[in-house]
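For reference, the structure discussed in these notes is given below.
Please treat every number below as a calculation from the coordinates, not as lab data. Everything numeric in this text was worked out from a predicted model, so none of it was measured. Positions of Cβ are generated from backbone atoms using ideal geometry, with glycine treated the same way; all protein chains shown enter the neighbour counts.
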Amino acid sequence: MELTDKNFEKEVLKSDIPVLVEFWGSWCPPCQVEKKILAKLEEEYNGKIKICTINIDRNPKVTFKYYIKGVPTYIIFYNGKIIYRDIAAKSEKQLKEMIEKAINRINKIVNMNY
Amino acid sequence: MKPHNAEKTCWNCPAAILKGNVDFRACGQSVEAIRKRVEREGILIECARQPDLGRFEPTITFEECPQWRLTEYGYMLENMRVMILGIDGYLGWTLALKLGRLGCEVSGVDNFLRRRCVKEKGSMSIVPIASMEERLEAAREVLGIDINFREIDILDREKLGRFMKEVKPEAIIHYGEIPSAPYSMVDCDHAIKVQYNNVIGTLGLLFLMKEIVPESCLIKLGTLGEYGSPLTGRPLFEGLFPADAVLIWGGREWSLGGEVTPRDPLSFYHVSKVQDTFNIYEACKYWWLRSYDIMQGVIYGVHTDEVAADPRLRTRLDVDEWFGTVVNRFVAQAILGMPLTVYGEGQQIRGFIALEDAMECMTRLTSSPPEPGQYDVVNQVSGLHKLIDLAETVARVASEKFDIPVKIQRVENPRVEADVHPYEVVSEKLPNTFGFRPKVTLEKEITRMFELLTQPEIKERLKRVAHLIRPSTWWSGEKRVAETIEVYTPGTKRVGGFQPVLITKREAIVPVSKPVEELEEPIQVLAKDDPPKKKTAKKVSKRNGAH
């Protein structure tokens, strides 16, 4: 899903499940091509984690708020909080490792709350 | 199914005024006033074509916008202002007529350098071409197209800039380069001439675009030869590595997706194109320009509906060793009764595209501009062929349809290139993103060429340049006519080498470019002193080697 300043809060911060957001720029070729991998992961992790992208030039509010200084930047949100953050293009394997790491962290948080 | 560009929005449209409305942060050039306004109001832009709209959100799709109308090539911007650099050339003139006929407002510049370069080598276009005045008049009279032409050298930035300010092009097609590998290898002066014209001309253009038309799209002609032919057999991706490419080194892994792929140019001319590629890539990154870099295969042919509409509208056709591309040369030699000259083994594989198909690709790309700052590359090719196979095809058409008997001759290869090599080319974007389907088969275009070039007037011209077809420009710097290795009758030679692979849609298993002839048994390498074995080892020479 492509996010905007307008729907970011609803789709990300108020999401019931974790959300991976890729911050991208149209002038960044690695960002452009990585969309294919993200689309694949979206299907693979359906229901476990939501995968979204947001263009930094078109959505300055969110971009400024999260202090994006390089693309692609990946942030995984859960319950409106940042669980994981990384920068620089990733291979499919690296993205999966990142997601698994974040899900483990989230599981720990959930268990602690119980 | 919707047209290929229906979902594109104002962000892709050259009429959208972004400068001053968007805080372009790519290089940290944050403009405080814009940033604050955008934070308050969101991004609002203006339309250069419809100022009455005021400031609005850039979310209108091409399908929704009244400025974009549906054509057979997708949505086209109504009366789109397209400037063609090198409009007098083989491709420039042909595209000018096609776009003009589609309703574009075509402007163009040329300094007739190509005509002079060809003349300098003692050659000429074998299809007679009219003067620019006559061409413009014929375009008006026959096709109803008004082309705004200006005689300008693109190295003259002041003049070019003035013309750009006057026209405000919404797309710029850059064909204004010297397009010849052998010409760049003649000597030092020629290498410098080619690189200076091509590299400095394009660099100057990028600065002008930044100042005058930053929202315009640059569609720049590169060449498939920028990549070379890697002997690893690695596919030639479309300029940038695909998403799933990774680099594994020292047990660690990195994504290569989106990075510029390696280039291994084949001559100083090809080097100029590689330098252009990097200059354009950087300009897009620094200034939010947008560009398609076209890695075009070897072009051939004479036909589009527009150039065939009147003899005065014909585009040029060169067959000499410097400016004639291989299919064009073969057809000329066949008509002249000369053997078709194949360089070296003739197992070299190249990508090809017919003139008519190439023009359709350019039209589709023009209609579908990239996003701000986006640099993208397409491999513009409709088929891969071994040179020796091409010679066979030309010979077959010559004998079967025109009753012209033809021989093929292998001559020394004056170039430094692999004669035998694997070759895989990825060309997924034009068919899958831009809706392009090749319409012209090799045989069809070759037939059209025979029909045109066998006309008495053209055949006479061919005779006058016949001595300039066989190569005499060596990459080593030597100046001598390449000698014959063998002459044979078409259809009598077993063709070896590698099987080319053109990938237009990636499936789960990608075929591999592999030797045509699989080994039946391992090659035995015998030492000089070894007693001869009863079963003689099969000699397989030059299959994998570059020479």
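Under a 5 Å amide H cut-off, with hydrogens placed 1.01 Å from N, B:Q296 pairs with B:G222, B:T223, B:L224, B:Q380 among residues at least 5 apart or on other chains. Within a straight-line Cα-Cα reach of under 24 Å, B:K121 can be paired with the following lysines, leaving aside sequence neighbours fewer than 8 residues apart in one chain: B:K193, B:K273, B:K459, B:K463, B:K479. Dividing the summed helix terms, -39500 (n - 2.57) for each DSSP H run of n ≥ 4, by the number of residues in the protein assembly as shown produces a 222 nm estimate of -9500 deg cm²/dmol to the nearest 500. Projecting the Cα positions of B:L266, B:H174, B:G435 onto the charge dipole of the protein assembly as shown (unit charges on Cβ atoms of Lys, Arg, Asp and Glu, taken about the Cα centre) puts B:L266 furthest along the positive direction. A Förster radius of 45 Å, combined with the Cβ-Cβ distance separating B:E483 from B:R116, puts the computed FRET efficiency at roughly 0.90. Among the trypsin sites (Lys or Arg not before Pro) found in region A:1-104, those both in a DSSP coil and sparsely packed, with 16 or fewer other Cβ atoms within 10 Å of their Cβ, are A:K6, A:K14, A:K48, A:K69. For region A:47-95, chymotrypsin sites (Phe, Trp or Tyr not before Pro) meeting the loop criterion (DSSP other than H, G, I, E, B) and having at most 10 other Cβ atoms within 10 Å: A:Y67. The average projected area of chain A, computed from the convex hull of its Cα atoms over all directions, is 6.6 nm².
Taking amide H atoms as placed 1.01 Å from N in the peptide plane, the amide H of A:K50 lies under 5 Å from those of A:V19, A:L20, each 5 or more residues away in sequence or on another chain. Which value, in debye to the nearest 20, gives the size of the charge dipole of region B:79-544 about its Cα centre, when Lys and Arg are +1 and Asp and Glu are -1 at the Cβ? My answer is approximately 860 debye. Between B:E137 and B:L155, the simple label model (points 7 Å from Cα in the Cβ direction) yields a spacing of 3.2 nm. Counts of other chain beta carbons within 10 angstrom of each beta carbon in peptide A:20-32 average 6.
Here's how it looks for B:Q499: its modeled amide H is under 5 Å from those of B:K514, B:V516, which are all 5 or more places away or on a different chain.
The charge dipole of chain A, taken about its Cα centre with unit charges on the Cβ of Lys, Arg, Asp and Glu (plus for the first two, minus for the last two), comes to roughly 300 debye.
For A:K61, the aspartates and glutamates whose Cα falls under 18 Å of its own Cα, not counting residues fewer than eight places away in the same chain, are A:E2, A:D5, A:E9, A:E11, A:E22, B:D23, B:E32, B:E39, B:E41, B:E57. Computed from the Cβ-Cβ distance with R0 of 22 Å, the FRET efficiency linking B:K36 to A:K69 stands at 0.70.
As a rough footprinting exposure proxy, the listed residues B:C188, B:C104, B:C65 were ranked by other beta carbons within 10 Å of their own, and the order from fewest upward is B:C188, B:C65, B:C104.
Taken about its Cα centre, region B:102-206 carries a charge dipole of about 200 debye when Lys and Arg each add +1 at the Cβ and Asp and Glu each add -1 at the Cβ. Divided by 2.2 N^0.38 Å, where N counts the residues, the Cα radius of gyration of the protein assembly as shown comes to 1.06.
Rounded to whole numbers, the Karplus 3J(HN,Hα) couplings from phi for region A:64-75 are 5, 4, 9, 6, 7, 10, x, 10, x, 10, 10, 10 Hz, using 6.51 cos²θ - 1.76 cosθ + 1.60 with θ = phi - 60°, and x at Gly and Pro. Restricting attention to chain B, close to 35% of DSSP beta bridges with both partner residues there are antiparallel. Over the C-alpha trace of chain B, radius of gyration and Dmax come out as 24.9, 92 angstrom. With point charges of +1 on the Cβ of Lys and Arg and -1 on the Cβ of Asp and Glu, referenced to the Cα centre of chain B, which listed residue (B:G42, B:A391, B:Q374) lies farthest in the positive direction of the dipole? Most positive-ward Cα: B:A391. Counting neighbouring beta carbons within 10 Å and listing from fewest to most, the residues B:M83, B:M124 come out as B:M124, B:M83.
Computed from backbone phi with θ = phi - 60° and the Karplus coefficients 6.51, -1.76 and 1.60, the 3J(HN,Hα) list for region A:7-16 is 9, 4, 4, 5, 7, 10, 5, 9, 6, 6 Hz; x is used for glycine and proline. Computed from backbone phi with θ = phi - 60° and the Karplus coefficients 6.51, -1.76 and 1.60, the 3J(HN,Hα) list for region B:68-73 is 9, 10, 6, 10, 5, 9 Hz; x is used for glycine and proline.
Shown is the FRET efficiency for A:K48 and B:K505, computed with R0 = 45 Å from the Cβ-Cβ distance and rounded to the nearest 0.05: 0.90.
Of A:I54, A:I106, A:T73, whose Cα points farthest to the positive end of the dipole of chain A (charges on the beta-carbon: +1 Lys, Arg; -1 Asp, Glu; origin at the Cα centre)? Highest projection toward the positive end goes to A:I106. Here the relative contact order of region B:79-544, from alpha carbon pairs under 8 Å that lie six or more residues apart, stands at 17 percent.
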